[in-house]
Amino acid sequence: MVKMPRLLALFSLGLILVLWVSAVCAQSTDRSELDQFLKETAVQGPPPPVGTKITMANWQQYKAYLPFGMTKLFEGQYQWKMPQDVEIDIGPARYGNLPATWTEATEKYAAQDKVEVLPNGHYKIDNYHGGVVFPDPQEPHKGFKILANVFFAHAPAIFGAGPNNYSAIWFVDRFGNVSEDTFDFIYRQSGWNTDAGFPPDETYAPGTWYTEWFMEETPEQARYTATLSLYFKDQEAHPYPDNYVYVPALRRSLRLSASARCAPLFGSEWTNDDAKINGFNGGTAIFDADYLGDRKQIELVQLNGPNTGSFPADYDMPLGFPKPSWGKWEVRDATVIDAHRIPSAAAGYCYGNRVLWVDKEFWLPYWVDDFDANHKLWKVFAYENGTADVPTLGHVWDGVASIGWDLQNTHATIWCPWANPSHLGHWLNRLTPTDYQNGIKYGSPAGLMEIQR
């Protein structure tokens, strides 16, 4: 005979399992809910006027102007949720944030850019030489054309950071524990360059159009760990970027396999396919995108830059959402796409859908909703792409802060370029110290071997 205490224990265990499954199901958001959201908010109504303060009390009045993942934070469905004192202040929209040379390249080359679908299902962009690839994307392949604009969106020819203006990342777990890492990095356009004072094609990484070098400064036990990514012009020959990691304990670099595209970058919410100012770093050969519609959306663009970014003072915790000290949000022209790998390359890939909420001037996403392979909402990312007056460029993009929330595993990563003691932002173009303009050292596998020397 089974004793009563054992029966009670078994009953309690069963009840706990039922409640746990119910809680997990309650926190699950299917990709179809995003379609329903877009349908319900297609007629957006009056936008929030300048001076509006969006709070927990009135956010539903303006939810048609919010990206889907942000509404989930407001709804409070997950452990990551908007704090009760959240405040989004609306200011006037400012356009004209691109360099004249970029605009000139768009006008010169865009008409000749074409999409080609190869027999293997891969996509190929013909005749690209710089500027916006498809300034007025239309069918066929409208979603893909917008994705191409995102992937090739303008960034300064060089932007980066070193020991004195390092960028900081804070990792936050489900219990509120916070750890900080700091990084140096050099992101550089090695081909199809349009910025004044730079050649169209550099010579340090032949065949590439972009290189990304990233090195950990702190904590001490991880110092000098570095990654390098090389993005090639010929994406049919190189559908995946070449990725390397420098391992200090071995004093050598290792080349990573293509499967590393889904690996967390330095333990963050970002994978290698996420880690860029535009929230998409996967290339255009093996990705397609569905066009989901044009909208007006609120974005945080004109940041207070060096006057903000202190952690945690300028973040509404525990979520880490930007406080009003970051600047005014704007109602801007946007478009929405669902990016995903083509069927032949989709097996085993981490994301089933990557929904990008894209600004139509910068062609940079200001928000990304990532769904797992089962099409359940997994991560949401906010991108605060700041602008400022930059010598030789004009009033342009000058830095990005970002927050990534893993809704399924309750982990978050907060990135800020102004979090160093002097609140210095990115180096930009020729304002970058001369040594960090060395393409071989900061943009080639050989350069990785110069670390620790």
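Which one of the conditions (1) more than 22 Å from residue 182 (Cα to Cα); (2) more than 23 Å from the chain's Cα centre (by Cα) does residue 390 fail to meet, given that it meets all the rest?
Result: residue 390 passes all but (2).
Take the residues in region 198-219 that are in contact with a helix residue (DSSP H, G or I) (Cβ under 7 Å, 6 or more places away or on another chain) and under 15 Å from residue 438 (Cα atoms), then tell me which one is surrounded by the fewest Cβ atoms within 10 Å (Cβ to Cβ).
204
Enumerate the pairs (first residue in region 269-280 and modelled with pLDDT of 90 or more; second residue anywhere and charged (D, E, K, R)) with beta-carbon separation below 6 Å, excluding pairs fewer than 6 apart on the same chain, so at least 6 apart or on different chains.
Short answer, once both residue conditions are applied: 269/379; 269/406; 272/261; 273/261.
Please go through region 270-296 and pick out each residue that is over 21 Å from residue 141 (Cβ atoms), of a type in the set (D, E, K, R) and not in a loop (DSSP other than H, G, I, E, B).
Result: 296, single match.
Does at least one position in region 5-25 carry a residue that is at pLDDT 95 or above, surrounded by 10 or more Cβ atoms within 10 Å (Cβ to Cβ), of a type in the set (Val, Ile, Thr) and within 27 Å of the chain's Cα centre (by Cα)?
Checking region 5-25: not a single residue is at pLDDT 95 or above, surrounded by 10 or more Cβ atoms within 10 Å (Cβ to Cβ), of a type in the set (Val, Ile, Thr) and within 27 Å of the chain's Cα centre (by Cα).
Which pairs turn up if I take residues in region 45-74 that are more than 22 Å from residue 368 (Cα to Cα) and look for partners that are surrounded by fewer than 13 Cβ atoms within 10 Å (Cβ to Cβ) with beta carbon separation below 8 Å, at least 6 apart in sequence or on another chain?
That search, which allows pairs on different chains as well, returns 50/92.
Hey, can you tell me all the residues within region 346-373 that are under 16 Å from residue 284 (Cα atoms) and touching a Pro at 6+ places or on another chain (Cβ under 6 Å)?
356
Looking at region 220-238 only, could you name the residues that are surrounded by fewer than 19 Cβ atoms within 10 Å (Cβ to Cβ) and over 25 Å from residue 166 (Cα atoms)?
Those that are surrounded by fewer than 19 Cβ atoms within 10 Å (Cβ to Cβ) and over 25 Å from residue 166 (Cα atoms): 233, 234, 236, 237, 238.
Out of all the residues in region 362-384, which are of a type in the set (Asp, Glu) and surrounded by fewer than 18 Cβ atoms within 10 Å (Cβ to Cβ)?
If the condition is that a residue be of a type in the set (Asp, Glu) and surrounded by fewer than 18 Cβ atoms within 10 Å (Cβ to Cβ), then 372 is the only one that fits.
Tally up the residues in region 56-74 that are part of a helix (DSSP H, G or I), within 19 Å of residue 355 (Cα to Cα) and either of a type outside the set (Lys, Arg) or in contact with a His (Cβ under 6 Å, 6 or more places away or on another chain) (or both), please.
8
Within the group 412, 388, which residue is among the aliphatic types (A, V, I, L, M) and either crowded, with 24+ Cβ neighbours inside 10 Å or at pLDDT 95 or above (or both)? Spell out how you get there, then give the answer.
Values: 388 fails: either crowded, with 24+ Cβ neighbours inside 10 Å or at pLDDT 95 or above (or both).
None of the others qualify; the one that does is 412.
Residue 246: on the phi > 0 side of the Ramachandran plot and of a type in the set (Ser, Thr, Tyr), yes or no?
No: the conditions fail for residue 246.
Given the conditions (1) outside any strand (DSSP E or B); (2) in contact with a strand residue (DSSP E or B) (Cβ under 8 Å, 6 or more places away or on another chain); (3) within 22 Å of residue 426 (Cβ to Cβ), report the number of the one that residue 310 does not fulfil.
For residue 310, the failing item is (2).
Out of all the residues in region 55-71, which are surrounded by 14 or more Cβ atoms within 10 Å (Cβ to Cβ) and more than 18 Å from residue 44 (Cα to Cα)? Steps first, please.
Within region 55-71, the first condition is being surrounded by 14 or more Cβ atoms within 10 Å (Cβ to Cβ), and the residues that meet it are 55-56, 59, 62-71.
55, 56 - these are the residues of region 55-71 that are surrounded by 14 or more Cβ atoms within 10 Å (Cβ to Cβ) and more than 18 Å from residue 44 (Cα to Cα).
Just give me the residues in region 343-361 being outside any loop (DSSP other than H, G, I, E, B) and either surrounded by fewer than 17 Cβ atoms within 10 Å (Cβ to Cβ) or of a type in the set (Gly, Ala, Ser) (or both), in sequence order.
Once the filter is applied, which keeps residues that are outside any loop (DSSP other than H, G, I, E, B) and either surrounded by fewer than 17 Cβ atoms within 10 Å (Cβ to Cβ) or of a type in the set (Gly, Ala, Ser) (or both), region 343-361 yields 343, 344, 345, 352.
Here is a check on your reading of the model: is residue 142 surrounded by 13 or more Cβ atoms within 10 Å (Cβ to Cβ), basic (Lys, Arg) and either under 17 Å from residue 191 (Cα atoms) or more than 23 Å from the chain's Cα centre (by Cα) (or both)?
The answer is no for residue 142.
Tell me, yes or no, whether region 160-167 has at least one residue that is farther than 30 Å from residue 219 by Cα, in contact (Cβ under 8 Å) with a residue 60 or more places away in the chain and aromatic (Phe, Trp, Tyr).
no
Are any residues in region 117-159 closer than 16 Å to residue 290 by Cβ, in a loop (DSSP other than H, G, I, E, B) and small (Gly, Ala, Ser), and if so, which ones?
121
Here are 405, 418: which of them is crowded, with 16+ Cβ neighbours inside 10 Å, part of a loop (DSSP other than H, G, I, E, B) and within 23 Å of the chain's Cα centre (by Cα)?
Just a single option satisfies the conditions, and that option is 418.
Restricting region 345-385 to residues that are of a type outside the set (A, V, I, L, M) and out of contact with any strand residue (DSSP E or B) (no Cβ under 8 Å at 6 or more places or on another chain), which is modelled with the lowest pLDDT?
348
The values are calculated or read from the model by the stated rules, or taken from the named source; none is laboratory data. Only a predicted model underlies this, so the values are computations on that prediction, with no experimental measurement involved. When we count neighbours, we look across all protein chains shown, and the Cβ atoms used for this are built from the backbone with ideal geometry, even at glycine.
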